[in-house]
Amino acid sequence: MSPTAVAIIMVAIIIASAFFKRLPNQFVLCIVPIFCGLALGFNINELADMIIGQVNTSMKSAGYMVLFAMIYFTMLTETGMFDDLIRRFLKLSHGRLHIYAVMIITSAIAAVGMLTATVVTAYLIVFPIMLPIYKKMKFDHNAAMVIAQTAIAAMCFVPWGIAVVNSSVFAGVDPLELSRRLMPVSLCFIPAIILQWIYFAHEHKKSGGLMVIDWSADEAEPGEKKENDLTRPRLFWFNLLLFVIVVAMLATSVMPSYITFIFASAITILVNYPSGKDHQKLISKAGGRFFGTIQMLIGISFFIGIFQGTGMTEALATTIVTHVPEFLTRYIHIILAMSMVAVIRFIPNKIYNSMYPVLISVGARFGLAGTDVIAPFVCNMSLATGSSPFTATTHVGTGLLDLDVNDYCNKSVKVQFVTNIVIILTAVLVGVVR
């Protein structure tokens, strides 16, 4: 059987398994490529060498960073720094909120929340705080979800986020390198976000919602207040300063990212939790998040190692180049990215993840780096999955806003389809996507 045929079968099985959910995707990514490699005549030891080589590369480039980043951001969230930052931000409104201010605050809080690199955490930060305001203003919760998700997607360039980590493995680059490449793409979200504010303000006014309300920042806190013995409000400024230093060190690559997070975690735990009684609790919380991420990272390494090592990637890329007109092949990654929101509404996003190696190989024939090909997908993929019922985080967000998930997806996909096209066209026009 030819490598091209086996590659198509492998990708089809992975997509089908993601759709039917009979087996966790981590296991599918490990098992299916092995059988496909055997079908091409490779023995298990040869496949094992391909796998372990890719796993080692993935852990060196991303795995260690993710481990210590999750420990650091788990502790930072538990100290209450993000909650305090949001409350201080709300006080700037001086109790009077216009509809545009509500949307801007929603975007800002969601963006800040996404610094934790977890969409669920971002939702848990923004929606409990803003929900009472939405209700008082009679603001459409579907619109609030779209606005928050777009801001979250714009922040998916952070190098410790799963979107960059996974994509960096596919592209074969360091997460920090990919993150720097994505920053200009992220800025292209700004015009689209502003257009969303204008559109939703128009719709809000047309529906008879309140354009201005009087509001106290204290009212915006979640109704059910719970004391958390891990919060450290008195250390807010110390934790914020350390956070800014960490981001600056990551941006300037002063030292390897995982070492930066090791030092940041050590300093945070020494200052905030010197007694040691809370250490295990914090490490356990971070460990739960890391376990799922590392499973997916290893699964992707199995897939990439065998896909590339057996020659399937090159064979499939050659087939595409041979049978697709050259003027379309050169821009196939942009064409697929522009259709992403509509496709992922009905099919799991794994279809795009599976195609990354092929697209990168095709792009290389036209002088495009792997990061050039991946660039229009990483942040925009989060935009697309935010309108997909196949994404667990969509159910979390709609649950917090008391929305029917299918009704929300039907409404949001239209807005996000246009938003995605605006972002990509902007990025093409300014030259950050090519």
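Tabulated results
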{"item": "Qualifying residue in the range 305-320 (condition: in contact (Cβ under 8 Å) with a residue 60 or more places away in the chain, farther than 30 Å from residue 241 by Cβ and assigned to a loop (DSSP other than H, G, I, E, B))", "result": "yes"}
{"item": "From 26, 54, residue being out of contact with any Ser or Thr (no Cβ under 9 Å at 6 or more places or on another chain), of a type in the set (S, T, N, Q) and surrounded by 15 or more Cβ atoms within 10 Å (Cβ to Cβ)", "result": "26"}
{"item": "Residues that are over 30 Å from residue 128 (Cα atoms) and β-branched (Val, Ile, Thr), drawn from the range 49-82", "result": "51, 52, 55, 57"}
{"item": "Subset of the range 404-434 (residues that are buried (at least 18 other Cβ atoms within 10 Å of the Cβ) and among the acidic types (Asp, Glu))", "result": "none"}
{"item": "The range 380-403, residues that are touching a Leu at 6+ places or on another chain (Cβ under 9 Å) and either acidic (Asp, Glu) or surrounded by fewer than 24 Cβ atoms within 10 Å (Cβ to Cβ) (or both)", "result": "396, 400, 401, 402"}
{"item": "Given (1) under 20 Å from residue 192 (Cβ atoms); (2) of a type outside the set (D, E, K, R); (3) touching a Pro at 6+ places or on another chain (Cβ under 9 Å); (4) assigned to a helix (DSSP H, G or I), number of the condition residue 417 does not satisfy", "result": "(3)"}
{"item": "Members of the range 161-185 found to be open to solvent by 20 Å² or more (accessible area, probe 1.4 Å), assigned to a loop (DSSP other than H, G, I, E, B) and more than 18 Å from residue 433 (Cα to Cα), listed by number", "result": "172, 174"}
{"item": "Pairs, first more than 17 Å from residue 247 (Cβ to Cβ) in the range 66-88, second outside any helix (DSSP H, G or I) and open to solvent by less than 30 Å² (accessible area, probe 1.4 Å), C-beta under 6 Å, six or more apart", "result": "78/230"}
{"item": "Test: residue in the range 72-86 that is under 23 Å from the mean Cα position of the chain (by Cα), among the β-branched types (Val, Ile, Thr), closer than 30 Å to residue 194 by Cα and open to solvent by 40 Å² or more (accessible area, probe 1.4 Å)", "result": "yes"}
{"item": "Top-ranked residue in the range 113-137 [being touching a Ser or Thr at 6+ places or on another chain (Cβ under 8 Å) and either in contact (Cβ under 8 Å) with a residue 60 or more places away in the chain or not in a helix (DSSP H, G or I) (or both); ranked as surrounded by the fewest Cβ atoms within 10 Å (Cβ to Cβ)]", "result": "120"}
{"item": "Where residue 277 falls short, out of the listed (1) at pLDDT 80 or above; (2) more than 30 Å from residue 429 (Cβ to Cβ); (3) surrounded by fewer than 16 Cβ atoms within 10 Å (Cβ to Cβ)", "result": "(1)"}
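Listed here are the residues, each with its yes/no results for (1) modelled with pLDDT of 85 or more; (2) open to solvent by 40 Å² or more (accessible area, probe 1.4 Å); (3) of a type in the set (S, T, N, Q); (4) within 22 Å of residue 165 (Cα to Cα).
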site	(1), (2), (3), (4)
305	yes, no, no, yes
311	yes, no, no, no
315	no, no, no, no
323	no, yes, no, no
340	yes, no, no, yes
347	no, yes, no, no
354	no, no, yes, yes
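The values are calculated or read from the model by the stated rules, or taken from the named source; none is laboratory data. Note that this is a predicted model, so its numbers are computed, not measured. For neighbour counting, all protein chains shown are included, and Cβ atoms are generated from backbone atoms with ideal geometry for every residue, glycine included. With ligands, DNA and RNA removed, areas are computed over all heavy atoms of the protein, side chains included. Shrake-Rupley method; radii C 1.70, N 1.55, O 1.52, S 1.80 Å.
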